[in-house]
Structure formats: C-alpha cells, structure tokens
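Here the structure comes first, spelled out in structure tokens, and everything after it is commentary.
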Amino acid sequence: MVPTFGRLDLLDCSLDALTRQDLPAGTYEIIIVDGRPERNTLQLVAGWRARTLDRGPRLVYLANDGAEGAAAARNRGWRSATGAIIAFTDDDTVPATDWLRHGLAGFADDTDVLYGSVDTPHRVGATDDAGEAEETAFEAANCFFRRDVLNALGGFDERFGGGWREASDLHFRLLEMHAAIVRAPQALVVHPQRPVWGASLRGMRKVSLDALLYKKHPALYRQKIRRLPCWEDYAVVAALLAAVAGLAGGYEILAVTGCGAWLVLTAMSCIRRLHGRAQGAAHVADVLITSALMPPVAVFWRMVGAIKYRVRFG
C-alpha cells in the first residue's frame, strides 16, 4: 500500500520496483492512494496497469477525498485491500525486488507485525535534534501488518496528518498491547536522499506533532525518541533574548555575553550536524544558515504543539 501526494517522478520509480517483485503476479496487489487526487497520478497508474497487465500484480488507484495526510491515505488503502497481510511503503522509496518475499517469509504463526530495513544514504533528520535516544527502526515506509491487528488498533491516528510520527504512534500502541513484533532486515527499501535547500528548517513545523505523541505515550517517547527536553534550543533562544535585551537597553556586558553564547552554541550545532556527512559548499552553507534559525523555530513549534494538545512538552 502506497500513499502518494503528486510526486509523479518518485511514484514512477516506486511503481517500477513494486511491479518487479519476485513473487507470482497473482499473489499480491499494489494499492496507490492519491492524497491529492489529480488526473496525472491516475494516468500514471493506468499506464503502469496497462504495461504490466499480463505479467504484473493487480494495480489499484484510489482517490482519498476524506481527511488529508499520509495517515488518512494509509487507512484508506489498507481498508480497501483484500489480503490478510498489508505491507506499507512510501511513494519516494525503491523497494528491493525481494522486499515482499523476505517480508512475508518473516511471518511466523504468532507474528503480528514485521518491519524491515530502510536504507537512507546520508540521511538528515527533519529536526536534526541533539540528544535524541536511539530512534526506533519501525517506519511506515517498510512495515507489514496482519489485517486483524490493524482492525484492533483502528489503523493510523489521522491527527498525525503531516507524515510525521504516525508510525511511532502506531508502534507505541503495538508495544502497549504487547503485540508480537519482529524485524526482517533482509526486507529492504531504499529511501534516496533528495537534497532540498533548507529542508531541515521547513520540517520544523512537524515538531508540533511531537507534543501529541508525548501526550499519548510519555514514557515511551522519553525512552524511544528523546530522553530529555531540548535544553540546547532553549539555551540558544535565551542567549538571543539576552543579546537583544542588552542591545535595546544599552547593557553592553549583557549584549556581548548573549552574542558570545549564541555564537558558541550555534558553532557547536554546526560541527555536530556536519560530522560524518557530505560537506559540499552548498551543504555547508545550508547547515550554517539553518543552524542559526532552527532553535527559535523549533521552540516556537514546540510551544504551538504544547498549547494545541494541552500538554507540558518541551
């Protein structure tokens, strides 16, 4: 099951990989749920259906005219599927040709859910937060569910509409219901990096959904996502406020101290984000600019989430 949102070039690559799975054609179906229904996506899917009619699996196009977001699209898709096991991936991934075979082979009689590996070369997170716990490898881009488990859970929580943390929420609910979850590392999908200037900064808006995840699963959030509040971001904002207050009030020592603290903290953030990653000129410039802007933007969106979902979250 694949949700898509108007990214035709990416969906085309994903469909190419999905129609080449090394399983008999009649043993699986591909369901494409269009989160932004448009004729071009319908024509792309129809073209693949025509080209693979004799050798390929059943290919279904569904327009999602209900709630917006990836979670709603995934719910629309799995509820329309005919199989007992539902496999999820995204429109910007390229599953290996043996992805479905390894995923299905990993199911034992007592397995409820299975997740595979997502290879994202040179991955840069949406938030680039420091101090995060080791993040769970359970991702919506590569997971397999028994249909009755999805029914018991009610599917994805559609409040996570921005394609952020909906898989973490589902994973945490599975843990709370003591579901049998196994990993099949051989079931691989590749999530190619798409370099976009300022992507980490634009992704900050999604941080507000962390407040909802924390409200629903506070202990698991601290264990799996972030052990401590984002003190470094608050320190950067405090330094900025001190510098502005010092400049506005004519307090030279306060202004110099605030500016100095801000420079040191921002430099530390830049070094951390550049460590072990490709360092072309464009990437370095992107990191320098976004490192200066991300802390206040992140704090703003955390406050928005805390207010919206009425939870003490930082």
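Please treat every number below as a calculation from the coordinates, not as lab data. What you see is a predicted model; the values in this text were computed from it and never measured. Glycine gets a Cβ as well: all are built from the backbone with ideal geometry, and neighbour counts include every protein chain shown.
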Determine the gain in length on full extension of the stretch residue 67-residue 263; use 0.36 nm per residue of separation and subtract their C-alpha separation, reporting nm with one decimal. 66.2 nm
Indicate, rounded to the nearest 5 percent, the antiparallel portion of the DSSP beta bridges found entirely in the chain. 40 percent
What ranking, highest mean first, results for peptides 292-305, 56-69 when packing means the other Cβ atoms within 10 Å averaged over each residue? 292-305, 56-69
Hey, what did the stretch 186-276 get for relative contact order, percent, Cα under 8 Å, at least 6 apart? 17 percent
Considering the zone a paramagnetic label at residue 98 would reach in this model (a point 7 Å from Cα along the Cα-to-Cβ line), which residues of the stretch 137-165 have amide N under 20 Å from it? 142-144
Can you give me the span-like helices of the chain, meaning DSSP H runs with 24 Å or more of Cα extent along the axis and Kyte-Doolittle mean at or above 0.0? 231-249, 252-274, 281-309
If we count every other residue with Cβ under 15 angstrom of residue 262's Cβ, Lys/Arg +1 and Asp/Glu -1, where does the sum land? -2
I need 165, 202 ordered by Cβ neighbour count within 10 Å, fewest first. 202, 165
Grab the DSSP H runs of the chain that are 4 residues or longer, score each as -39,500 (n - 2.57), total them, divide by all residues and round the 222 nm result to the nearest 500 deg cm²/dmol. -15000 deg cm²/dmol
Provide the per-residue ³J(HN,Hα) series for the stretch 22-33, in order, calculated from phi with Karplus coefficients 6.51, -1.76, 1.60 and θ = phi - 60°, each as a whole number of Hz, with x at glycine and proline positions. 7, 10, x, 4, x, 9, 8, 10, 10, 10, 9, 10
Can you tell me, using C-alpha contacts under 8 Å and at least 6 residues apart, the relative contact order of the stretch 2-194 as a whole percent? 28 percent
For an R0 of 30 angstrom, estimate the FRET efficiency from the Cβ-Cβ distance between residue 307 and residue 202 and round to the nearest 0.05. 0.90
Whole-Hz couplings from phi, Karplus 6.51/-1.76/1.60, listed for the stretch 150-161; x for Gly and Pro: 4, 4, 5, 7, x, x, 6, 6, 6, 5, 7, x
Take the alpha carbon atoms of the stretch 142-203, find their center, do the same for the stretch 9-45, and report the distance between the two centers in whole angstrom. 19 Å
Can you list the residues, at least 5 places off or on another chain, whose amide H is less than 5 Å from the amide H of residue 187, using H built in the peptide plane? 117
